[in-house]
């Protein structure tokens with residue numbers, strides 16, 4: 001999927017300072033790390049891995065560009081995080097941007113067995129209709145059972161109740177929690193954007209964003225960036241002068257190396273202790 005011709009891709013500005021203030025650089029204790037994340041680790045400090053924010057900055061940009069492209073092509077995103085710290089945030093993000101979400105429990109086959117899941121969604125919608133209809137003819141006991149069943153289905157399927165087909169992109173916070181979602185997405189060839197903490201497994205992730213996946217400030221930052229990107233993609237008008245856009249992009253490309261070097265200097269100054277060799 002590519003961006004529509006004539007569309008000016010506008011994604012939010014992001015700086016190393018914003019990432020630092022949100023605690024994105026703070027990984028887990030070194031004993032809990034996943035060696036596959038070694039390439040994203042800047043070093044160690046007080047037995048905690050420090051994530052390389054210069055990589056986070058560039059990889060976040062790539063992920064936001066992918067999100068922009070999907071939305072500008074009228075695609076849909078499925079947000080997934082069943083962990084307590086992120087479940088409310090991704091549900092709010094999905095509702096505000098008219099996307100889909102799973103934040104309670106990932107049911108096996110949610111993507112790969114869509115026919116069965118669709119039938120469950122139909123049951124949910126029928127229960128909702130029956131419970132609000134007048135002169136329903138049900139006993140109090142029957143209504144109670146129906147209400148309990150509806151609530152159970154709502155928790156698991158409410159965020160995808162209007163999803164007619166598999167999504168064009170899946171966004172995940174904490175790959176360790178959502179291994180089933182990753183497996184199903186990979187099997188179906190659905191691109192994945194995911195936040196990868198120092199204890200995460202990056203395998204199968206198309207657009208990795210190395211960063212803290214536990215702190216609420218970090219989670220809020222990711223969600224706000226995605227929200228701004230989706231809104232921008234929905235509202236962006238065609239570019240009037242493509243030559244000017246090309247010239248601007250050329251200038252940006254020339255400055256990327258200089259900006260990256262400055263960001264690296266900021267990290268070196270902040271974490272000035274000698275880096276310990278990773279095992």
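Tabulated values for the structure
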{"item": "Selection from region 34-47 of residues that are surrounded by 17 or more Cβ atoms within 10 Å (Cβ to Cβ) and either assigned to a strand (DSSP E or B) or modelled with pLDDT under 95 (or both)", "result": "41, 42, 43, 44, 45"}
{"item": "Of the criteria (1) over 30 Å from residue 36 (Cα atoms); (2) over 19 Å from the mean Cα position of the chain (by Cα), which one residue 112 fails", "result": "(1)"}
{"item": "Helices (runs of 4 or more DSSP H) wholly inside region 56-167 that include at least 1 residues being in the same structural domain as residue 40 (by TED's automatic domain parsing) and crowded, with 20+ Cβ neighbours inside 10 Å", "result": "84-97"}
{"item": "Residue that is without any contact (Cβ under 8 Å) to a residue 24 or more places away in the chain and within 19 Å of residue 174 (Cα to Cα), where the choices are 118, 81, 87", "result": "87"}
{"item": "Test for residue 192: is it crowded, with 16+ Cβ neighbours inside 10 Å and either farther than 21 Å from residue 33 by Cβ or in the same structural domain as residue 23 (by TED's automatic domain parsing) (or both)", "result": "yes"}
{"item": "Single match in 210, 202 (criterion: crowded, with 17+ Cβ neighbours inside 10 Å, modelled with pLDDT of 95 or more and either closer than 21 Å to residue 42 by Cβ or in contact with a strand residue (DSSP E or B) (Cβ under 9 Å, 6 or more places away or on another chain) (or both))", "result": "210"}
{"item": "Search result, residues across region 1-16 that are modelled with pLDDT of 55 or more and part of a loop (DSSP other than H, G, I, E, B)", "result": "1, 2, 3, 4, 8, 9, 10, 11, 12, 13, 14, 15"}
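Residues checked against (1) without any contact (Cβ under 8 Å) to a residue 24 or more places away in the chain; (2) touching a strand residue (DSSP E or B) at 6+ places or on another chain (Cβ under 8 Å):
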position	(1), (2)
49	no, yes
55	no, yes
68	no, no
71	no, yes
74	yes, no
102	no, yes
105	no, no
129	yes, no
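The values are calculated or read from the model by the stated rules, or taken from the named source; none is laboratory data. These numbers were taken from a predicted model, which means no experiment stands behind them. Virtual Cβ from ideal backbone geometry, glycine too; neighbours counted across all protein chains shown.
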